[in-house]
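See structure below.
The values are calculated or read from the model by the stated rules, or taken from the named source; none is laboratory data. Remember, it's a predicted structure, so these values are computed and weren't measured experimentally. Virtual Cβ from ideal backbone geometry, glycine too; neighbours counted across all protein chains shown. Each accessible area value is taken on the protein alone, full model and side chains, heavy atoms only, with ligands, DNA and RNA left out. Shrake-Rupley method; radii C 1.70, N 1.55, O 1.52, S 1.80 Å.
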Amino acid sequence: VRPVIELLPSIADKVFQAGPTGLSLMLSGIGVGAVAASLVLARRGQTQGLTKLLVWSTFGTGLCVAAALQAPSIKVAAVAFCFMGVCMLCGNVSAQTLVQNSVAPQMRARVLGLFIVFGHGLPALGALVQGWLATFFGLPAAVGGSAILMLAFWVWAMLHQRAMSVELEQANAG
């Protein structure tokens, strides 16, 4: 679902007929949500519960994207994207923290480097695929399809959440 950010110019134009102003509104919504989430997460100071937060943020992100695409107006979509910003930041910070906690100290820089490469490279590839699919099925269907896939991944993650928590949230891992 992360490629939706790369596709926002098209969503603003083709779904909401809102142009650059609509794009700015949706991007601002994502940013406001991410900043709000960062202020809350900065105070946590523990890894316990991050796996659950990561799993639920996956659900929230998929749900927010689906809601934004079905919104009756650009303003309602911006609110959905604000909540998506919260969910995306919570998921990304949780994932990075869990990776740092579960990897041996001498491997952290390498593993996080790969994490960042994939985190920036795969969304671009996803945007390319979704853009291509949009030529056949329309933009809402292509992006909505990715939201459905994310929700399917959430079901899998819910089934494995307890085991992942034991592995990823151990104190002094590595």
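As I understand it, the dipole of the chain uses +1 on the Cβ of Lys and Arg and -1 on the Cβ of Asp and Glu, about the Cα centre. Which of Val103, Ala80, Gly60 lies farthest toward its positive end?
Val103
Just one of (i) 51, 32, 29; (ii) 66, 40, 25; (iii) 40, 34, 26 is Cα extents along the principal axes in Å calculated from these coordinates, so which is it?
The listed entry that was calculated here is (i).
Picking from Arg108, Arg43, Arg162, which is most flexible by a Gaussian network model of the chain using Cα springs under 10 Å?
Among Arg108, Arg43, Arg162, the largest GNM mean-square fluctuation belongs to Arg43.
In whole Hz, what ³J(HN,Hα) sequence does the stretch 13-30 give by Karplus (6.51, -1.76, 1.60; θ = phi - 60°), x for Gly and Pro?
7, 8, 8, 10, 6, 10, x, x, 5, x, 4, 4, 5, 5, 5, 5, x, 4
Go through His160, His120 and list them by solvent-accessible area, largest first, probe radius 1.4 Å.
Numbers: His160 70, His120 130 Å².
My answer, sorted largest first, is His120, His160.
Give a residue-ordered list of calculated ³J(HN,Hα) values for the stretch 82-98 (Karplus: 6.51 cos²θ - 1.76 cosθ + 1.60, θ = phi - 60°; whole Hz; x for Gly, Pro).
Karplus values, whole Hz, x for Gly and Pro: 4, 5, 4, x, 4, 5, 5, 5, 4, x, 5, 5, 4, 4, 5, 5, 5.
Using a basic spin-label model with each label point 7 Å from the Cα along Cα→Cβ, how many nm lie between Lys14 and Ser28?
It is 2.6 nm.
Give me the distance between the Cα centres of the stretch 1-23 and the stretch 132-174, rounded to whole Å.
22
Please give the FRET efficiency for Leu125 paired with Arg43, using the beta carbon to beta carbon distance and R0 = 35 Å, rounded to the nearest 0.05.
On the way: r = 35 Å, r/R0 = 0.99.
About 0.50, to the nearest 0.05.
For the stretch 1-156, what is the charge dipole size about the Cα centre, in debye to the nearest 20, if Lys and Arg each add +1 at the Cβ and Asp and Glu each add -1 at the Cβ? Don't skip to the end; give the middle numbers.
On the way: 8 positive and 2 negative charges, 84 e Å.
Using only the charged Cβ atoms, the result is roughly 400 debye.
Give me the extension gain from Leu112 to Val99: residue separation times 0.36 nm, minus the current Cα-Cα distance, reported in nm with one decimal. Provide the component values of the computation, followed by the final result.
Values: separation 13, 0.36 × 13 = 4.68 nm, distance 0.74 nm.
Residue separation times 0.36 nm, minus the Cα-Cα distance, leaves 3.9 nm.
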